[in-house]
1. Within the set of pairs 6+ apart or on separate chains, which have a first residue in region 222-240 that is farther than 15 Å from SER211 by Cα and open to solvent by 80 Å² or more (accessible area, probe 1.4 Å), a second that is part of a strand (DSSP E or B) and modelled with pLDDT of 75 or more, and C-beta atoms under 8 Å apart?
2. Can you tell me which residues in region 153-166 are exposed (fewer than 14 other Cβ atoms within 10 Å of the Cβ) and not in a helix (DSSP H, G or I)?
3. Looking at region 204-219, which of the residues that are open to solvent by 40 Å² or more (accessible area, probe 1.4 Å) and in contact with a strand residue (DSSP E or B) (Cβ under 8 Å, 6 or more places away or on another chain) is modelled with the highest pLDDT?
4. One residue is enough: does region 134-151 have a residue meeting the conditions open to solvent by less than 40 Å² (accessible area, probe 1.4 Å) and without any contact (Cβ under 8 Å) to a residue 40 or more places away in the chain?
5. Tell me yes or no: at least one residue of region 172-179 is in a loop (DSSP other than H, G, I, E, B), open to solvent by 50 Å² or more (accessible area, probe 1.4 Å) and not aromatic (Phe, Trp, Tyr).
6. Only one residue in ILE150, ILE109, ILE136, ILE144 is assigned to a strand (DSSP E or B), under 30 Å from ASP60 (Cα atoms) and aliphatic (A, V, I, L, M). Which one?
7. Select, from SER92, SER5, the only residue that is closer than 30 Å to VAL191 by Cβ and without any contact (Cβ under 8 Å) to a residue 40 or more places away in the chain.
8. Find all pairs meeting these conditions: Cβ atoms under 6 angstrom apart; at least six residues apart or on different chains; first residue within region 159-177 and modelled with pLDDT of 90 or more; second residue part of a helix (DSSP H, G or I) and surrounded by 14 or more Cβ atoms within 10 Å (Cβ to Cβ).
Amino acid sequence: LPRNSAMVYPRIKHIFENQNHISTQCMEMRNLKPPKPQTIGNILQKINTKIGGVNNIAADMMNIPIFNKPVIVMGADNAHPAQGEGNRPSVSALVGSMDKYACRYATQIAIQQTDGKKVHSPVIEGLQGMVKGMLIKFYQNVKIKPQRIIFYRDGVSEGQFHHVMMYEVDAIQKACLALEPNYRPTITFIVCQKRHHTRLFVQNPRDGDRSGNVPAGTVVDQGITSTTDFDFYLNSHQVYKELTSLPSTTCWWTRTSSQLI
């Protein structure tokens, strides 16, 4: 694509993916002149993922306690139109793992109409059907029902935590029971936030990565966390900026335990 592709990109995605169900990978010519091995490698990994391939599997993944039983990992978000576009619908999206390694994922997208309301609903109203479809796909691929559901939810403000959790956990439970009357897998409902003002720094520069940030995999679960909620900060991957804003993660609800594992 040319440098100024803001008008071309959405048309390509709409025609190929929405209308004809053909996966695409767009690239700007400036990133391919000259072609760099790292750039080409990243593009190929994206293409491989889009066509159902697996790029990496941790050698000891099955030794992680949370994978000792069949588990499906889901992630959901609800995107609302910008202010002043109140008549446009919200778009709900759900992804779910489709193998025992949680490396391959399927997606579902739904349109959530406003019905004339000025305020868009924070909950994913069609979540029950979306989760049911994802569980069916998991069973078709893995040939076994998941005994654990780890559900990550993005796009929820603190004032909406309880309302969203109550509605969507209930929807997940109903989706399970719709498949089988006694199907009650363990459900862990986790809210992820990135819009906060907490920044972490290394005391000794030698302990940081090459950009001076805290190393990838850093978890902070005490000292600066909530006194009432089970929350933690996680730097899940390396970044290339001087300051690191770690996602704040709150485990709001687990059926059988107050822990993730």
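The values are calculated or read from the model by the stated rules, or taken from the named source; none is laboratory data. Fair warning: this is a prediction, and the values are worked out from it, not measured in the lab. Counting neighbours? That spans all protein chains shown, and the Cβs are built from the backbone with ideal geometry, glycine included. When the accessible area is computed, the model is the full protein with side chains, heavy atoms only, and any ligands, DNA or RNA have been set aside. Shrake-Rupley method; radii C 1.70, N 1.55, O 1.52, S 1.80 Å.
1. Here the result reads ILE224/TYR233, each pair linking region 222-240 to a residue that is part of a strand (DSSP E or B) and modelled with pLDDT of 75 or more.
2. The one that is exposed (fewer than 14 other Cβ atoms within 10 Å of the Cβ) and not in a helix (DSSP H, G or I): SER157.
3. VAL219
4. no
5. no
6. Answer to the selection: ILE150.
7. It is SER92.
8. Partner pairs satisfying both residue conditions: GLU168/LEU127; ALA171/LEU127; ALA171/GLN128; ILE172/VAL131; LYS174/GLN128; ALA175/GLN128; ALA175/VAL131; ALA175/LYS132.
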